[in-house]
Each structure stands twice: as C-alpha cells, then as structure tokens.
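Notes follow once the structure below has been shown.
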Amino acid sequence: MQKQNIDNIEKYGRPVLSSLKFREALSQCHHHSSTVGMHSLNVTFIALGICNMMKMLHLQVDTKALVIGCLCHDLGILDRSHFSSGPEMCKIHPVESADLSVFFADPENRETVYDICRHHMFPLMATPPKTREGWVITLADKISAVGEVALPPVRRKWEERNLKVIAA
C-alpha cells in the first residue's frame, strides 16, 4: 500500500512537488516541529490511507484531486509576515491556498481541489467541505498535526518516508 501511495503522489503531485512554492514550503517551519512541505506530504499519505479504507467500503474518491489538494492545502501559509495574528492566518490561509491550488488542478477537478484547500480548517472555520475529498483532508490534517507535535518518533518516521518522495 505504501508503494501505491508513493506512486500516486509522484504521478499526480509532480507539478506541485517540483514547483518553487513547494520547495519554499519545505523550508518554512510549521507546527513548531515540521515544515509546511513535510506536513503537506504527511497529510497526503494519511488522506490516501483513509481513501484506501473508503475503497474497501466501495466509496470512491478523486485521487488526483486529493493529492493535489493535500499538497497545496497550506501553501497559503508561506510568507506569514502579511498575517497580523494566528486567528487571521487560520481564516485567510485556506483562501490563499485554494487560490494557488487552481494552477495545479485540471479543469475537471478544479472545483474539488479548491474545496479541499478552502475548507480544510473546518471546524475552526464555520464552512464545512462540500466534497468527500474535502472531508478526507479535514480529518487527515488534524491527524497529521497531532502526530507532528505530540509524537516525535512518528514525525521522524514520516519524514524519512517523505524524503523518498521528494528525492524522486
């Protein structure tokens, strides 16, 4: 399953992973213990794991939209200097991430990718996701944040795995 997840990230996420924005994300601190880029990869792996379980229940998801949305969901955090506060960042970065994400999405999945990025902060922000993929990332984002902050051995294991994707 891990190999299939890596293949999906490399196949669908290559435009994001090779972008200057994502390279910048790999160097900006996030959750006090990770980077925006590493966190985005963690979220992507967790989301793909959730999707694998959903497929066993015959629930389909748009894997391409999910991968692109997960990799882009926090790109709006980059250059935090224009946010006056943490609450403002929680409110504005999903909008900025969603706006950036459409450059990486295909026309047929642009709305789903936008929804993933725009609503991933639910329930901290009032508007819930409209798509199944949006709900998946909302859960995956919370799981990843807890793993990165509270479980350093898990974070280190995730980072070793992520380096394989980045190096490819």
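The values are calculated or read from the model by the stated rules, or taken from the named source; none is laboratory data. It should be emphasised that the depicted structure is a prediction, and the values quoted were computed from it without experimental measurement. In this analysis, Cβ positions are derived from the backbone assuming ideal geometry, glycine residues included, and neighbour counts consider all displayed protein chains.
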If I filter segment 5-29 down to residues being surrounded by 21 or more Cβ atoms within 10 Å (Cβ to Cβ) and not aliphatic (A, V, I, L, M), which single residue comes out as modelled with the lowest pLDDT?
5
Would you please list the contacts, defined by Cβ atoms under 7 Å and residues six or more apart or on different chains, that run from a residue in segment 12-41 that is free of Cβ contacts under 8 Å to residues at least 60 places away in the same chain and outside any helix (DSSP H, G or I) to a residue that is surrounded by fewer than 14 Cβ atoms within 10 Å (Cβ to Cβ) and not acidic (Asp, Glu)?
35/27; 35/29
Where the second residue is buried (at least 22 other Cβ atoms within 10 Å of the Cβ) and polar (S, T, N, Q) and the first is in contact (Cβ under 8 Å) with a residue 12 or more places away in the chain and more than 20 Å from residue 145 (Cβ to Cβ) and lies in segment 103-125, which pairs have Cβ atoms under 7 Å and are six or more apart or on separate chains?
113/101; 114/101
Report yes if some residue within segment 80-95 is at pLDDT 95 or above, part of a helix (DSSP H, G or I) and among the small types (Gly, Ala, Ser); otherwise report no.
no
Considering every residue within segment 145-168, establish whether at least one is within 26 Å of residue 20 (Cα to Cα), of a type in the set (Gly, Ala, Ser) and modelled with pLDDT of 90 or more.
no
Being among the aliphatic types (A, V, I, L, M) and part of a loop (DSSP other than H, G, I, E, B) is the filter here; which residues of segment 98-125 pass it?
102, 105, 121, 124, 125
Residue ID - surrounded by the most Cβ atoms within 10 Å (Cβ to Cβ), chosen from residues in segment 103-155 that are closer than 22 Å to residue 36 by Cβ and among the small types (Gly, Ala, Ser):
144
